[in-house]
1. Tell me which aspartates and glutamates have Cα within less than 17 Å of residue 115's Cα, excluding those fewer than 8 residues away on the same chain?
2. Could I have the simple spin-label model distance between residue 110 and residue 7, label points 7 Å from Cα toward Cβ, reported in nm to one decimal?
3. Starting from the amide H of residue 68, placed 1.01 Å from N in the peptide plane, find each other amide H under 5 Å away whose residue is 5 or more places distant or on another chain.
4. Counting Lys and Arg as +1 and Asp and Glu as -1, each charge on the Cβ, what is the dipole of the chain about the Cα centre in debye, to the nearest 20?
5. Grab the beta carbon distance between residue 85 and residue 44, set R0 = 22 Å, and tell me the FRET efficiency rounded to 0.05.
6. What percent of all Cα-Cα pairs in the chain falls into each 10 Å bin, going from 0 up to the bin containing the maximum distance?
7. Using a 1.4 Å probe on the protein chains only, how many percent of the accessible area of the chain belongs to carbon and sulfur?
8. Can you show me the helix-derived [θ] at 222 nm for the chain, built from DSSP H runs with n ≥ 4 at -39,500 (n - 2.57) apiece and divided by the number of residues, rounded to the nearest 500.
Amino acid sequence: QLQLVESGGGLVQPGGSLRLSCAASGFTLDYYNIGWFRQAPGKEREGVSCIDSSGGTLHFADSVKGRFTISRDNAKNAVYLQMTSLKPEDTAVYYCAADRSPLVCHPALATIQYKYDYWGQGTQVTVSS
């Protein structure tokens, strides 16, 4: 069984920080490229960030550049999204996704999200005072 599980979401004040985790069950993430996506109520799902299997290629949406960081720890079979300087517009359900193809870690994440084979169930992030 191949499964991704997101965790770490919650309620945080504007300017605060959260770290989201994407853990794999049933397979190793070593050879997988990982993307983070989010969907706010009434809006389309958008790409947030991605990291390739080697950890050497990273991409971020313009809206989160300088505030979010993506990393992976293969020993823990997990990928992380460190979010700082959070804004109310960051409020959304955040999803991680995985695929073997390096093509899925692309600057235009929203246009290639259909290529990701495995998806988690999402974790809610709410930024509010």
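The values are calculated or read from the model by the stated rules, or taken from the named source; none is laboratory data. If you're wondering where the values come from, they're calculated on a predicted model, not measured in any experiment. Note that each Cβ is placed from the backbone with ideal geometry, even for glycine, and that neighbours are counted across all protein chains shown. Quick note on the areas: whole protein, heavy atoms, side chains included, nothing else; ligands and nucleic acids left out. Shrake-Rupley method; radii C 1.70, N 1.55, O 1.52, S 1.80 Å.
1. Leaving aside aspartates and glutamates fewer than 8 places away in the same chain, those within reach of residue 115 are 44, 46, 52, 99.
2. Simple spin-label model gives 3.2 nm for this pair.
3. Hits under the 5 Å cutoff: 84.
4. 160
5. About 0.40, to the nearest 0.05.
6. Bin by bin from 0 Å, the calculated values are 14, 50, 31, 5.
7. Percent of accessible area from carbon and sulfur atoms in the chain: 48.
8. Helices in the chain give a 222 nm mean residue ellipticity of -500 deg cm²/dmol.
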